Amino acid sequence: MKIGDFSNIANGSIINQSNKIQKKPTEDFLNTLISNVKEAQAESNELTGKFIKGEDVALHEVMIAGEKAKTSLQLLMEIRNKALDMYKELTKMGI
């Protein structure tokens, strides 16, 4: 069995490659939720506008898009409310 050359380790190229893998950008939870709410609202507005203009959009598609936007906004508001409740409880405890 042949052992490979260790010069790659000495100059740091292997270490640099592993650091590149670990440094992938990720979105945090709040930004993901907010962007999902914005997308759902934009889709709902678009379908509603098309329906009002008389374009070929079924009413049930408009209603489903509206309910998706409403539900995603309600989820965001509930998460905000729970976070505020948790903050209030922590301040009462003096932490």
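Each reported figure results from applying straightforward, stated rules to the coordinates on display, with no laboratory input. This structure is a prediction, so every number in the text was calculated from the model and none was measured. Note that we place each Cβ from the backbone using ideal geometry, even for glycine, and neighbour counts take in every protein chain shown.
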Local electrostatic count, L59, Cβ distance below 13 Å [Lys/Arg +1, Asp/Glu -1]: -3
In nm, spacing of pseudo-spin labels at N31 and L84 (7 Å Cα→C-beta vector): 2.5
